[in-house]
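Enquirer: Take this structure first; my questions come after.
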Amino acid sequence: MERRVVITGCAAITPIGDTKAKILQSLENGVSGVKPLKSDELLTEHIYCGVFGTVDYPIAYDFKRRDRKTMGPVSYYACQTAKTALEQSGLTPEFIQSGRLGVAFSSTHGSPTIQRNIYRTFFSPEDTKLRNVGAVDYLKSMVHTTAVNISKMFGITGRVISSSTACTNSSQSIGFGYEAVKYGLQDAMICGGADEYDTTTVAVFDNLLATSVDFNDTPHLTPRPFDRRRDGLVVGEGAGALVLEAYDAARKRGADILGEVIGFACNSNGGDLILPNTQGITSAIQMGLDNAMLNADEVDFISAHATATKMGDVTEAQSIAAIYGDRPAVTGLKGYMGHTMGSCGAIEAILTLYMMSAGFIAPTLNLEEVDKRCAMLQHVTAVREAPVRTAAVQNFAFGGVNTCLFIKQFANG
Amino acid sequence: MQRDTIEKEILRIFAELFEIESPGLDENLAEVYEFDSIDAIELLRELETLLGTELTRPEQKEAMEIRTINQIIDYVENLAGKRNI
């Protein structure tokens, strides 16, 4: 059995807003969500990168204590976006709790804030004991904390997938959720990813000389995907959640369909855990097109992974050019908010849906002079009024994991 | 430690940590307030702080049978008595 899979709810918390209107406004007006890195009194003085894609606006959480007590910051983000997306979907509590809906949600490494507090206890000079580690600290910080907190909050009894693969966390979540619905394993899935403000991730990339350091005094000018002056990635925070549902059921209940997931592919480079790999990425794109039963010339828009590292952007550009030539419009959405890690795939898929709905393509922010090695693509450098019927969302992760999702516009009515 | 002092401290902990204001002293905490095993473990940490002493594993396990505020007060009173607190 193969079923069509549609999107009936989505929500994001990003450095450029947490509503469709605010996010579209930021995309249309070139507003950056990258801010100075906040001091953590631990690592920041040793980190060269001084910027972070920051969620710096208040979020009105309305969670009961029974739900809050097992949440670290990352699960607050995850549950808030899941709540909004489920509400938008119109699915009933009876269905959500029936076992026919599952969860595919993850984060890079749980809640580093909670983990840091645990380590602080251990390494404190005071006579602290093991009992000072909270009974729920593990539940707040474990790697699948987002998925199970969502399950708990909404009483979800379907399958739970928590694919912790760093930058492909949430693109895998959507992909695996898509497959679960497509093949009839579940009738609906809530999919996505989240990551919280975390300086240890910045330190990891800083140690690998992969972070942006030249724009510490002008955070809004970095990252610079595909730009000649790009100098590395900027870590960010956020969350994205999408409700995927079998088309027939969504249609039958009169749901507002936001888009259709028509294909997904995931592969491994089968080698180096850090260096991007043209062959691996090209293969993932082609596999995705095959899965979506698309020809390359049917794709209008590509949301590139484009982290603004020196090598990564060139490698991705080569792969896109090899498959698509210069036909589809290409945007690196990380220019607006940095690399939101485990949430980037979901956030970029949602922003793509928003742009499909609004009828414009946002440019790659800070792309002023295209690197000659990336110039063979059709880069979007100014807001472009254009319909996007079919889009690809590409994401790649440390460990050599590549994903490619294909999303199609859906005409209701 | 006097019983009224213990009661006052327990009610403070329930208000501040568990957001349960003025529970009935004989109400079943699990049934009325969704007080669960995770909360019970958190409560033990607070009781250790209150008494300024670590609980033994048997004492911790004994606490898992507790259902009401009055039973918590009995439990703390007993521990305080054993330790001359």
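Enquirer: Apply the Karplus parameterisation 6.51 cos²θ - 1.76 cosθ + 1.60, with θ equal to phi minus 60°, to every residue of region A:68-82 and state each ³J(HN,Hα) to the nearest whole Hz, in sequence, with x for glycine and proline.
Expert: Each residue's phi maps through the Karplus curve to give 5, 5, 10, 10, x, x, 5, 6, 4, 4, 4, 5, 5, 5, 4 Hz.
Enquirer: Between A:Val235 and residues 5 or more places away or on another chain, which pairs have amide H atoms under 5 Å apart, with H built 1.01 Å from N, and which residues are they?
Expert: Residues meeting the amide H criterion: A:Gly53, A:His339.
Enquirer: Then there is this: What is the percent carbon and sulfur in the accessible area of the protein assembly as shown, measuring with a 1.4 Å probe over the protein chains and ignoring ligands? Present the calculation step by step, with values, prior to reporting the outcome.
Expert: Values: 10420 of 20430 Å².
In the protein assembly as shown, the share of accessible area belonging to carbon and sulfur is 51 percent.
Enquirer: Please calculate how many Å² of accessible area region A:5-408 carries per residue, with a 1.4 Å probe and no DNA, RNA or ligand atoms counted.
Expert: Details: 14840 Å² over 404 residues.
The answer is 37 Å² per residue.
Enquirer: Also: I want the local charge near A:Gly332. Using Cβ-Cβ distances under 15 Å, sum +1 for each Lys or Arg and -1 for each Asp or Glu among the other residues. Don't skip to the answer; put the middle values down first.
Expert: Values: positive: A:Arg224, A:Arg228, A:Arg229, A:Arg230, A:Lys310, A:Lys334, A:Arg373, A:Arg384; negative: A:Asp227, A:Asp231, A:Asp313, A:Glu316, A:Glu348, A:Glu368, A:Glu369, A:Asp371.
Summing Lys/Arg as +1 and Asp/Glu as -1 gives 0.
Enquirer: Then there's this: Give or take rounding to whole Å, what are the principal axis extents of the alpha carbon atoms in the protein assembly as shown, in descending order?
Expert: Taking max minus min along each principal axis of the Cα atoms, the protein assembly as shown gives 81, 56, 40 Å.
Enquirer: Ok, one more. Just the projected area, averaged over all directions, of the convex hull on the alpha carbon atoms of region B:3-82: how many nm²? Let's see the in-between values first.
Expert: Numbers: hull surface 18.8 nm².
Directional mean of the projected Cα hull area for region B:3-82 stands at 4.7 nm².
Enquirer: Using only alpha carbon pairs under 8 Å that are at least six residues apart, calculate the relative contact order of chain A and give it in whole percent. Please report the intermediate quantities before stating the final value.
Expert: Working: 1082 pairs, mean separation 97.0, N = 413.
Relative contact order, chain A: 23 percent.
Enquirer: What size of dipole, in debye to the nearest 20, comes out for region A:152-280 about its Cα centre when the only charges are +1 on Lys and Arg C-beta atoms and -1 on Asp and Glu C-beta atoms? Working shown, then result.
Expert: Working: 10 positive and 16 negative charges, 92 e Å.
Approximately 440 debye in magnitude.
Enquirer: Related question: Nearest 5 percent is fine: what portion of the DSSP beta bridges confined to the protein assembly as shown is antiparallel? Don't skip to the end; give the middle numbers.
Expert: Values: 42 of 61 bridges.
Percentage antiparallel, nearest 5: 70.
Enquirer: Check cross-link reach from A:Lys22 to the lysines: straight Cα distance under 26 Å, and skip same-chain residues fewer than eight apart.
Expert: Reachable lysines: A:Lys35, A:Lys38, A:Lys83, A:Lys334, A:Lys408.
Enquirer: Over 14 Å apart: what share of the alpha carbon pairs of region A:341-413 falls there, rounded to a whole percent?
Expert: Working: 1799 of 2628 pairs.
When every Cα pair of region A:341-413 is considered, 68 percent fall beyond 14 Å.
Enquirer: Scan around A:Ile161 for amide H atoms under 5 Å from its own, H built in the peptide plane at 1.01 Å from N, and keep only partners 5 or more places away or cross-chain.
Expert: For A:Ile161, the qualifying residues are A:Val103, A:Ala104, A:Phe105.
Enquirer: I'd like the Karplus ³J(HN,Hα) series for region A:356-370: coefficients 6.51, -1.76, 1.60, θ = phi - 60°, whole numbers in Hz, and an x wherever there's a Gly or Pro.
Expert: Listing the rounded values in order: 4, 5, 7, x, 9, 10, 7, x, 6, 5, 6, 8, 9, 9, 5 Hz.
Enquirer: Please give every one of the aspartates and glutamates within straight-line cross-link reach of B:Lys61, meaning a C-alpha to C-alpha distance under 16 Å, and leave out same-chain neighbours fewer than 8 residues apart.
Expert: Hits, sequence-local ones excluded: B:Asp36, B:Asp39, B:Glu42, B:Glu46, B:Glu48, B:Asp74.
Enquirer: Still on this structure, I have one more. Taking the Cβ of A:Phe360 as the center, what net charge do the other residues with Cβ under 10 Å away carry, scoring Lys and Arg +1 and Asp and Glu -1? Walk me through the intermediate numbers first.
Expert: Numbers: positive: A:Arg384; negative: A:Glu28, A:Glu385.
Neighbourhood net charge equals -1.
Enquirer: Still on this structure: Shape verdict for region A:261-320, please, from the Cα gyration tensor: rounded (a/c under 1.5), prolate (a/b greater than b/c) or oblate. Write down the numbers at each step before the final one.
Expert: Numbers: a/c = 2.39, a/b = 1.49, b/c = 1.60.
Note, shape of region A:261-320 comes out oblate.
Enquirer: Keeping all protein chains in place and using 1.4 angstrom, which order do A:Met142, A:Met376, A:Met311 fall into by accessible surface area, from largest down?
Expert: A:Met311, A:Met376, A:Met142
Enquirer: Along the charge dipole of the protein assembly as shown, pointing to its positive end and built from +1/-1 on Cβ of Lys, Arg, Asp and Glu, which listed residue (A:Ile118, A:Leu258, A:Met337) has its Cα farthest out?
Expert: Checking the options against the dipole of the protein assembly as shown, the answer is A:Leu258.
Enquirer: So which aspartates and glutamates pass the test for A:Lys252, namely a Cα distance under 15 Å, with those fewer than 8 places away in the same chain ruled out?
Expert: A:Asp187
Enquirer: Which of the three applies to region A:277-413, rounded, prolate or oblate, going by the alpha-carbon gyration tensor with a ≥ b ≥ c and a/c under 1.5 meaning rounded?
Expert: Values: a/c = 1.34, a/b = 1.15, b/c = 1.17.
Rounded, since a/c falls under 1.5.
Enquirer: Each residue of region A:258-270 in turn: what ³J(HN,Hα) in whole Hz from Karplus with 6.51, -1.76, 1.60 and θ = phi - 60°, glycine and Pro shown as x?
Expert: Once θ is set to phi - 60°, the couplings for region A:258-270 become 8, x, 10, 8, 10, x, 7, 9, 9, 8, 10, 6, x Hz.
Enquirer: Rounded to the nearest 100 Å², what is the sum over both chains of accessible area buried where A meets B, with a probe of 1.4 Å?
Expert: Answer for the A-B pair: about 1100 Å² buried.
Enquirer: Taking 25 Å as R0, compute the FRET efficiency from the Cβ-Cβ separation of B:Ser22 and A:Leu43 and round it to 0.05. Working shown, then result.
Expert: Working: r = 44 Å, r/R0 = 1.75.
The calculated FRET efficiency here is 0.05.
The values are calculated or read from the model by the stated rules, or taken from the named source; none is laboratory data. Treat the numbers as computed from the prediction; the structure is a model and nothing was measured. Cβ atoms come from the backbone with ideal geometry, glycine included; neighbour counts cover every protein chain shown. For accessibility, only protein heavy atoms count, side chains too; no ligands or nucleic acids. Shrake-Rupley method; radii C 1.70, N 1.55, O 1.52, S 1.80 Å.
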